[in-house]
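Following: one structure in structure tokens, then a few remarks.
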Amino acid sequence: MRPSGCFLAVFLLFSLSSSLLPSSDALTDSQAAMITRRQLLSLKENSDLPDNYEYEVDVDIKFANQRLRRAYIALQAWKKAMYSDPFNTTGNWVGADVCSYTGVFCSQALDDPKVMVVAGVDLNHADIAGYLPAELGLLTDVALFHLNSNRFCGIVPKSLSKLQLMHEFDISNNRFVGPFPTVVLSWSGLKYLDIRYNDFEGELPPELFVKDLDAIFLNNNRFKSVIPETIGKSMASVVSFANNNFSGCIPRSIGNMSNLNEIIFLNNGLGGCFPEELGQLGQVTVFDASSNSFLGTLPKSLSSLQKVEQLDISHNKLIGFVPEGVCKLPSLQNFTFSDNYFSREAKACLPSPGGRTVLDDKSNCLPNRPNQKSPKACFPVISHPVDCSKANGGCHSGPSTPTQTPSKPTTPTPSQPTPSPSNPHSHPPKSSHPPPKAPAPPSPKEEPTPSSPPLPRVPVSPKGPKPSPQPVTEPPKPKSSPPPVPKPSKPTPPRPSKPTTPTPSPPALTTPPKPSPVPTPNPQAPAPEGPGDHDQGGIPRERIRSPLPPKPEQSPLCNIILDFELPLFTLPLDD
């Protein structure tokens, strides 16, 4: 009886410990909130790291150089911030030889070839739950940072701005929260940014599109912003806004994006007319603006997209004629214009089973065509056409706040200034990569996995916990370490001062409430691929044709709940 009782006790203890933070399972809201809360409690002031922090840590181990000592401090602090490691990825993160740690790669320092430094971290698909500690700011030689498909929560600490050699930053498919991580704006050499499938929110900084980035993946977050006019300055080849809450119109400056190959606006709250400048995107192969609220007719300039292969404008409020020039584009493979209000289409746009191009014209207002809207549904839209030739092109990004002047007091008083309340910024949503065919809005669309820029050398072969389809690449070796780029500061508009008078004060100023766009429901999309799907020579493969793996199970939102009383339990760290 005694052995059976001991066995029962051990079994119950094991069951209890496994239920606290299950391996490879989604985090509960309370677990995610606790991880976030622990991160916030551990962060220094402003989530930054003091310059002399490394000297405050007592490490009784000898290292080959001071940079490896700093890397050891950072990696050990990170290991303590991990609460679940189901594949024991960090099991060998012990001792002074940090270059032998799984997922850690060393190389010669750019400023001194005789010194070995930690140049990259790749923990893709490790399914680790935890947060990013401020000590990661000590990894100043890191150029590659891959955390694709884990369960990291919390914010991206400000201390990461010290990683001035950053070339590829991929934290996609995690549970990061907060505003856009502005630390990325301080990395002068950054080429690849992938923060999709998280819970970032708020506005996009206009400075993002001024950076020399090749790939920008923002999709499947909760951004609420307009698309900045600075997008026209971007040199990126791939940009994805899919599945967010972007609003407003597509800026006319988009025509200046000479390197653009793929752009995805899928499933946002964008509206207005398509700008004629879209016809200037001569290198575009994928254009997806489906599941938005675009109005008006198709611009004639679309027939200039000679290289477009995938064109999806379905699920909008477009009217008028679908021209032959678009349906017969030389490279076109898939043209989906279903679920609009088109009333006429060229003969070349009629779907045919053996045609070279897959065409979808369902759910429009086309006479003598099957599966169309009823006349009752078509009339309200077709009878009120939008004039796209006007200045705003049917775009309503939100009214600006008028400047109001208080009424003059009846008794003599000093002259009163006229306060001007600042204009509110409207917020846009997000977008993702579409599949070659996207006939219906409810079904989420796959997004192509872009290629990362070529990297100079890989010092050590990856030791990932789980075989990953993406090879680990290393950023190109710059001739000299780039100087730190100051983080752009957001100017604060002056607040109107209230005049002081001995007589009754003038009527209080009233500022119209900030307009908030109506968010569109985000269809669940597949999980992103890692950034390593490209040729060794750095030539991007055909992105839209690379199949994506099945979407991993998404976790609930990683909420920052500072005042939430959490259940008392501990999280075991998997050995």
> Among the residues of the stretch 101-124, is there at least one that is over 13 Å from residue 165 (Cβ atoms), assigned to a loop (DSSP other than H, G, I, E, B), touching a helix residue (DSSP H, G or I) at 6+ places or on another chain (Cβ under 7 Å) and not hydroxyl-bearing (Ser, Thr, Tyr)?
Replying inline: no
> What are the pairs, 6+ residues apart or on separate chains, where a residue within the stretch 114-140 that is without any contact (Cβ under 8 Å) to a residue 12 or more places away in the chain has its Cβ under 8 Å from a residue that is assigned to a strand (DSSP E or B)?
Replying inline: 114/108
> Can you find a residue in the stretch 162-178 that is under 14 Å from the mean Cα position of the chain (by Cα), surrounded by fewer than 20 Cβ atoms within 10 Å (Cβ to Cβ) and either outside any helix (DSSP H, G or I) or touching a residue at least 24 places away in the same chain (Cβ under 8 Å) (or both)?
Replying inline: yes
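Considering only residues that are among the hydrophobic types (A, V, I, L, M, F, W, C) and under 20 Å from residue 167 (Cα atoms), look in the stretch 201-217 and name the one that is surrounded by the most Cβ atoms within 10 Å (Cβ to Cβ). Let's see the steps before the verdict.
Our first condition is that a residue be among the hydrophobic types (A, V, I, L, M, F, W, C); within the stretch 201-217, this holds for 204, 208-210, 213, 215-217.
Cutting the leftovers down to under 20 Å from residue 167 (Cα atoms) gives us 208-210, 213, 215-217.
Details: 208: 20, 209: 23, 210: 16, 213: 21, 215: 25, 216: 26, 217: 28.
Applying the filter and picking the extreme gives 217.
Considering every residue within the stretch 219-226, establish whether at least one is more than 14 Å from the chain's Cα centre (by Cα) and farther than 30 Å from residue 292 by Cβ.
Of the residues in the stretch 219-226, the ones more than 14 Å from the chain's Cα centre (by Cα) are 226.
Keeping just the survivors that are farther than 30 Å from residue 292 by Cβ gives none.
Taking every residue of the stretch 219-226 in turn, none turns out to be more than 14 Å from the chain's Cα centre (by Cα) and farther than 30 Å from residue 292 by Cβ.
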> How about the stretch 125-141: which of its residues are β-branched (Val, Ile, Thr) and either within 23 Å of residue 83 (Cβ to Cβ) or in a strand (DSSP E or B) (or both)?
Replying inline: 128
> Do we find that residue 299 is modelled with pLDDT of 95 or more, of a type outside the set (S, T, N, Q), crowded, with 18+ Cβ neighbours inside 10 Å and within 27 Å of residue 213 (Cα to Cα) in this structure?
Replying inline: no
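Residues of the stretch 84-99 being under 22 Å from residue 62 (Cα atoms) and either buried (at least 18 other Cβ atoms within 10 Å of the Cβ) or free of Cβ contacts under 8 Å to residues at least 40 places away in the same chain (or both), which ones?
Selection gives 90, 92, 93, 94, 95, 96, 97, 98, 99.
Determine whether residue 285 is under 29 Å from the mean Cα position of the chain (by Cα) and polar (S, T, N, Q). So that I can check it myself, show each step before the final result.
Details: under 29 Å from the mean Cα position of the chain (by Cα): yes; polar (S, T, N, Q): yes.
Yes, satisfied.
Looking only at the stretch 73-85, decide whether some residue is over 20 Å from residue 159 (Cβ atoms) and either assigned to a loop (DSSP other than H, G, I, E, B) or over 29 Å from the mean Cα position of the chain (by Cα) (or both).
Taking the stretch 73-85 as the starting set, the residues that turn out to be over 20 Å from residue 159 (Cβ atoms) are 83-85.
Among the residues that remain, those that are also either assigned to a loop (DSSP other than H, G, I, E, B) or over 29 Å from the mean Cα position of the chain (by Cα) (or both) are: 85.
Yes, some residue in the stretch 73-85 is over 20 Å from residue 159 (Cβ atoms) and either assigned to a loop (DSSP other than H, G, I, E, B) or over 29 Å from the mean Cα position of the chain (by Cα) (or both).
The values are calculated or read from the model by the stated rules, or taken from the named source; none is laboratory data. What you are looking at is a predicted structure, and each value in this text was computed from that prediction instead of being measured. A quick note on method: Cβ atoms are made from the backbone with ideal geometry, for glycine too, and the neighbour counts reach across all protein chains shown.
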